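The values are calculated or read from the model by the stated rules, or taken from the named source; none is laboratory data. The structure presented is a predicted model; accordingly, all values stated were derived computationally and were not measured. Here the Cβ positions follow ideal geometry from the backbone for every residue, glycine too, while neighbour counts run over all protein chains shown. All accessible areas refer to the heavy atoms of the entire protein, side chains included, with ligands and DNA or RNA removed. Shrake-Rupley method; radii C 1.70, N 1.55, O 1.52, S 1.80 Å.
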Amino acid sequence: MPKNMQFSNSASFVPFEGAALERSICDRFAQQASMYPGHIAVKSGTNQLSYRTLDVASNRIAHAILASTTKEVEPVVVMMEKGESIIATILAVLKTGNIYTPIDPSFPPARVAYMLEDSGARLIVCNDKNLALAEQS
């Protein structure tokens with residue numbers, strides 16, 4: 001362990017029960033969201049989302065994904081920078097039962113094009129900042 005890394009035994013830490021490890025990420029998230037809806041789920045340098053807000057946002061994105069995909073499991077490309085939006089989008093893809101396929105928008109255009117083709121994805125989820133890149137890919 002690096003010397004500058006420290007851990008504390010916080011009274012707020014709640015260990016997972018053994019059976020929880022067998023449940024999906026979405027099931028575990030739903031449980032946390034129902035137990036702690038007002039607690040902070042995601043925090044970035046400038047924004048934070050409560051479990052309730054993250055759940056609502058990811059459900060909205062999941063419905064949009066389901067409206068744009070088939071009933072088959074397929075890869076869904078997520079092309080956006082780090083932050084709370086990408087967390088909501090990743091959770092949304094998982095909620096739909098599809099395959100989360102990240103592509104870093106800072107990659108060179110040729111690499112992005114290759115990764116898109118290789119993934120076989122028919123759907124790209126992006127933010128406004130990366131819309132032009134997604135449309136040209």
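Among the listed options (1) 50, 40, 27; (2) 50, 28, 21; (3) 47, 34, 30, the one matching Cα extents along the principal axes in Å as calculated from these coordinates is (1). Given a cut-off of under 8 Å on Cα pairs at least six residues apart, what relative contact order in percent is computed for the chain? Relative contact order of the chain: 20 percent. Between GLU74 and ILE99, the built amide H atoms are under 5 Å apart, and every one of these is 5 or more places off in sequence or on another chain.
For the range 19-89, the share of accessible area belonging to carbon and sulfur comes to 56 percent (1.4 Å probe, ligands and nucleic acids excluded).
The residues of the chain expose on average 68 square angstrom of accessible surface per residue, using a 1.4 Å probe on protein heavy atoms. When each of the peptides 78-91, 41-54 is scored by how many other beta carbons lie within 10 Å of its residues on average, the order from highest to lowest is 78-91, 41-54.
For the range 88-134, trypsin sites (Lys or Arg not before Pro) meeting the loop criterion (DSSP other than H, G, I, E, B) and having at most 14 other Cβ atoms within 10 Å: ARG122.
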